[in-house]
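This report concerns only the one structure given below.
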Amino acid sequence: LARRLVDLEAQVILVDNLFPGGGGNHFNIAGIESKVQFENIDVRDTPRVAPLIEKCDFLFNLAGQTSHHFAMADPQTDVSVNCCAQLSILETCRHHNPSIKVVFSSTRQVYGVPQYLPVDEQHPLSPADINGINKAAGESYHMIYHNLYGVRACILRLTNTYGPRMRVKDARQNFLGIWLRRLIEGSPIDVFGDGRQARDLNHVNDVVNALLLAAVREESGGQIFNLGASDPIELRDLATLLIEINGGGEFRVVPFPAERKAIDIGSYCGNYGLIRDRLDWVPQSCLEEGLEGTLKFYREHYRHYW
Ligand SMILES: NC(=O)c1ccc[n+]([C@@H]2O[C@H](COP(=O)([O-])OP(=O)(O)OC[C@H]3O[C@@H](n4cnc5c(N)ncnc54)[C@H](O)[C@@H]3O)[C@@H](O)[C@H]2O)c1
């Protein structure tokens with residue numbers, strides 16, 4: 001997103017505390033360092049965050065605790081980042097920059113175990129883990145500030161996002177990162193369960209397109225949109241595809257670790273018809289090409305990511 005914004009000649013301020021378990025990585029801004037203002041700040045540190053928000057036209061509210069397993073182990077930290085900090089950010093917008101446009105990145109995890117597929121925005125919310133609950137609360141705060149105080153906010157419910165510059169060090173955030181790392185290192189990929197769980201993957205370029213549309217299109221205010229892909233794929237088939245693209249590798253189907261099984265949502269794919277109809281967003285990346293480019297990126301730059 002920062003790279004695209006720099007290309008668009010926007011003035012960009014990045015706020016990230018680079019906490020070790022997250023995807024923050026200085027290498028991700030290699031080449032654009034001189035064109036962005038980077039602030040190593042925790043979003044919970046309101047006195048330092050507020051003056052930055054006060055001067056912005058747009059806020060891409062992406063910083064978050066993103067690990068579902070970490071949230072189960074340390075729910076209070078997840079609340080502090082994904083709920084309390086969100087309230088402070090919105091209070092700052094309300095009192096000091098009410099004309100700002102906020103785009104909040106939420107997650108498909110707010111739906112919990114799908115009752116039907118593809119999941120549309122009318123699907124009941126029944127988060128299967130603490131992180132899903134806190135992200136759902138984060139959404140609600142944004143909607144309240146939009147509806148009651150006129151702080152224009154749009155929510156995107158992201159599904160599995162992949163592409164260059166994601167965290168691939170371990171399985172803390174998602175399965176795909178560690179799969180990419182293992183493939184490049186020549187180790188087998190672990191596919192949990194029977195491998196028949198479907199996922200809809202979005203390339204980061206498509207997600208960036210959605211973030212930009214949500215920011216600039218006036219009609220996005222007060223709206224909640226799913227992202228998604230038209231070609232969901234079962235994990236077993238995804239592993240096979242990755243191995244084929246990689247030109248080698250193997251996968252093992254192994255039982256779910258108990259703590260993962262407890263919060264697994266089974267198959268998911270999102271209905272993105274609403275954002276397609278309202279904001280003209282459609283995912284444009286081809287999965288094979290996207291995965292190929294991603295593998296190529298990490299083969300070249302792995303030293304910066306693990
Ligand atoms: N990537 C996905 O598949 C996916 C899926 C659903 C939702 N999301 C949402 O998208 C957003 C971005 O996620 P991502 O996948 O890019 O993860 P990421 O870890 O790469 O990015 C999150 C960033 O937030 C920063 N951060 C965490 N806590 C912070 C704090 N207290 N103060 C300041 N910075 C902090 C991290 O250092 C990291 O750079 C998150 O809000 C996440 O919930 C992502």
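The values are calculated or read from the model by the stated rules, or taken from the named source; none is laboratory data. Please read all numbers here as calculations on a predicted model, not as lab measurements. Note that we place each Cβ from the backbone using ideal geometry, even for glycine, and neighbour counts take in every protein chain shown.
Listed values, structure above:
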item	result
Extreme residue, surrounded by the fewest Cβ atoms within 10 Å (Cβ to Cβ), among residues of the stretch 42-62 that are of a type outside the set (K, R) and assigned to a helix (DSSP H, G or I)	P47
The stretch 50-84, subset within 12 Å of the ligand (Cβ to nearest atom) and touching an Asp or Glu at 6+ places or on another chain (Cβ under 8 Å), residue farthest from G21 (Cα to Cα)	L52
Wholly enclosed helices (runs of 4 or more DSSP H) of the stretch 213-305 bearing at least 2 residues surrounded by 13 or more Cβ atoms within 10 Å (Cβ to Cβ)	235-246, 273-279, 287-301
Residue list for the stretch 15-40, filter: of a type in the set (A, V, I, L, M, F, W, C), over 21 Å from Q173 (Cα atoms) and in contact with a helix residue (DSSP H, G or I) (Cβ under 6 Å, 6 or more places away or on another chain)	I32, V36
Residue list for the stretch 165-193, filter: away from the ligand (no atom under 16 Å from the Cβ), hydrophobic (A, V, I, L, M, F, W, C) and in contact with a strand residue (DSSP E or B) (Cβ under 9 Å, 6 or more places away or on another chain)	L183, I189, V191, F192
Condition met for I13 (more than 9 Å from the ligand (Cβ to nearest atom), closer than 19 Å to V102 by Cα, in contact with a Phe, Trp or Tyr (Cβ under 9 Å, 6 or more places away or on another chain) and touching a residue at least 12 places away in the same chain (Cβ under 8 Å))	yes
Considering residues of the stretch 110-127 that are within 13 Å of the ligand (Cβ to nearest atom) and closer than 27 Å to G150 by Cα only, the residue farthest from the chain's Cα centre (by Cα)	Y111
Filtered residues of the stretch 160-209 (kept if surrounded by 21 or more Cβ atoms within 10 Å (Cβ to Cβ) and free of Cβ contacts under 8 Å to residues at least 24 places away in the same chain)	G177
Residue under evaluation E39, criteria (1) within 13 Å of the ligand (Cβ to nearest atom); (2) within 23 Å of T161 (Cβ to Cβ); (3) surrounded by fewer than 17 Cβ atoms within 10 Å (Cβ to Cβ), criterion not met	(2)
Wholly within the stretch 81-200, helices (runs of 4 or more DSSP H) carrying at least 1 residues that are over 22 Å from I224 (Cβ atoms)	85-96, 175-185
Within the stretch 201-212, considering residues that are in contact with a Leu (Cβ under 7 Å, 6 or more places away or on another chain) and either among the hydrophobic types (A, V, I, L, M, F, W, C) or assigned to a helix (DSSP H, G or I) (or both), the one nearest to R108 (Cα to Cα)	L201
Any pair with Cβ under 6 angstrom, 6 or more apart, that starts in the stretch 22-47 at a residue that is modelled with pLDDT under 95 and ends at one that is within 12 Å of the ligand (Cβ to nearest atom)	none
Residue in the stretch 63-72 that is of a type outside the set (S, T, Y) and part of a strand (DSSP E or B) present	no
